[in-house]
Amino acid sequence: MGIDFSKVTPPASSAGSAPAASTEIETVQPYDIVADRQQMNETLTNSEEVDALVSTIEVNNLETIVSFGAEAAEEIAKASDVVLNSMSMSQLDESSEMLESLSKIMSKFDPSELQENKGLFNKLFGNMKKQLEKILDKYHTMGEEVDKIYVQLREYEGEIKQSNRKLEQMFDANVDYYHQLVKYILAGEQGCRELEAYIAQRQADFEATGDNSIQLELAGLNNALMMLEQRTQDLRVAENIAIQSIPMIKTMAYSNMNLVRKINSAFIVTLPVFKQGLAQAVMLKRQKIQAEALSELDKKTNEMLIKNAKNTVEQSKMTARLARGSSVKIETLETTWRTIVNGIEETQNIQKEARKQRIDDAARLENIKQEFLKTYGGAGK
């Protein structure tokens with residue numbers, strides 16, 4: 001089989017349509033596109049499958065040349081677009097936000113807050129207690145935020161794995177389209193060789209016969225050859241796109257696997273360790289505060305017992321001093337007796353002086369009376 005130089009046929013329809021993409025999920029494995037291309041050259045060149053594609057070319061119907069391999073080229077372009085669009089499927093924005101949130105949470109951790117603070121227990125029941133409660137509340141909130149990031153990272157890990165499964169499907173589809181494209185390229189190259197051979201034969205016929213109709217035919221054949229060469233070149237450009245897309249898909253798959261590895265090794269391991277270390281630091285700090293608080297309480301208790309003992313001794317001494325003698329001192333009785341005696345003597349002296357004064361006053365009153373009678377008594381007679 002080869003190029004049909006005799007009749008006009010309708011344009012090729014669905015020639016070499018691509019098989020359905022495999023849905024089998026495979027692991028990320030290397031793919032040697034050079035070896036694959038070489039093997040296809042060896043097995044498909046001049047094969048019946050390629051001959052069937054060459055037979056769809058009609059030199060008298062240029063539309064068959066213009067549309068030659070169109071479906072394979074369109075499919076490979078679609079596959080490349082899917083690859084490019086899938087770059088947004090990795091949700092890099094969301095992952096960046098998660099990592100930024102995680103960084104902010106980590107930055108809240110201040111080791112100095114959990115370091116020894118002199119004088120802390122002298123103010124244990126004051127501001128430092130409130131500060132400790134504030135620190136504990138802060139790190140409790142941090143633990144909850146870390147839990148949320150942990151869940152998000154787990155979901156992100158699942159999304160990456162799902163993205164890799166989609167990449168594997170796209171890879172299989174892209175390789176299939178690439179194989180179809182290579183078949184059309186080989187068919188185009190074979191068609192060009194057959195067309196060149198036929199042109200050479202007709203050129204020899206023209207030179208032998210000088211038939212002008214052959215010359216007109218040669219013009220059409222050369223035009224068909226030029227278009228077929230150009231079409232084959234266009235297919236090679238499409239092949240180049242496929243060559244770029246295949247390693248691109250593999251690179252994205254490898255990058256995704258590296259992200260999964262980093263999530264497991266750096267985040268899925270680091271977050272629990274961070275939370276555990278945080279819990280241990282806070283717990284040790286709390287234990288230290290409680291232990292020293294109890295020590296301070298014991299100290300105050302001992303001081304109180306010693307002080308009470310001293311007070312008891314002093315009170316006992318005072319009581320003993322009071323109990324060793326009478327409630328009223330002899331000196332007090334002596335002083336009282338002297339005071340009473342002196343009071344009595346003074347009272348008697350005052351009474352004597354008062355009696356004497358009364359006698360003197362009576363005599364004086366009598367004198368005044370006698371003088372009054374002498375003066376006014378005679379005048380009344």
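So here's what we get for this one:
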quantity: Test: residue in the range 360-377 that is part of a helix (DSSP H, G or I), modelled with pLDDT under 75 and either loosely packed, with under 10 Cβ neighbours inside 10 Å or not polar (S, T, N, Q) (or both); calculated: yes
quantity: Hey, SER67 over 17 Å from LEU195 (Cα atoms) and either modelled with pLDDT of 85 or more or not assigned by TED's automatic domain parsing to the domain that holds ALA173 (or both) or not; calculated: yes
quantity: Test: ARG231 is in a helix (DSSP H, G or I), over 38 Å from the mean Cα position of the chain (by Cα), at pLDDT 90 or above and farther than 30 Å from ASN174 by Cβ; calculated: no
quantity: Residues located in the range 35-62, provided they are part of a helix (DSSP H, G or I), loosely packed, with under 14 Cβ neighbours inside 10 Å and within 59 Å of the chain's Cα centre (by Cα); calculated: ALA35, GLN38, GLN39, ASN41, GLU42, THR43, GLU49
quantity: Selection status of LEU228, assigned by TED's automatic domain parsing to the domain that holds ALA72, closer than 30 Å to GLU75 by Cα, in contact with a Cys (Cβ under 9 Å, 6 or more places away or on another chain) and not polar (S, T, N, Q); calculated: yes
quantity: Residue check, LEU259 in a helix (DSSP H, G or I), in contact (Cβ under 8 Å) with a residue 60 or more places away in the chain and over 53 Å from the mean Cα position of the chain (by Cα); calculated: no
quantity: Every residue from the range 229-256 that is buried (at least 21 other Cβ atoms within 10 Å of the Cβ) and among the small types (Gly, Ala, Ser); calculated: ALA238, ALA242, SER245, ALA253
quantity: Residue satisfying all of: in the range 308-338; loosely packed, with under 10 Cβ neighbours inside 10 Å and of a type in the set (Val, Ile, Thr); modelled with the lowest pLDDT among these; calculated: VAL328
quantity: Residue in the range 274-293 that is of a type outside the set (D, E, K, R) and either exposed (fewer than 10 other Cβ atoms within 10 Å of the Cβ) or more than 30 Å from VAL146 (Cβ to Cβ) (or both) present; calculated: no
quantity: Boolean, LEU181 is of a type outside the set (D, E, K, R), crowded, with 17+ Cβ neighbours inside 10 Å, more than 51 Å from the chain's Cα centre (by Cα) and closer than 26 Å to GLU71 by Cβ; calculated: no
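The values are calculated or read from the model by the stated rules, or taken from the named source; none is laboratory data. A quick note: this is a predicted structure, and the numbers were derived from the prediction, not measured. Every residue, glycine as well, gets a Cβ built from its backbone with ideal geometry; the counts of neighbours run over all protein chains shown.
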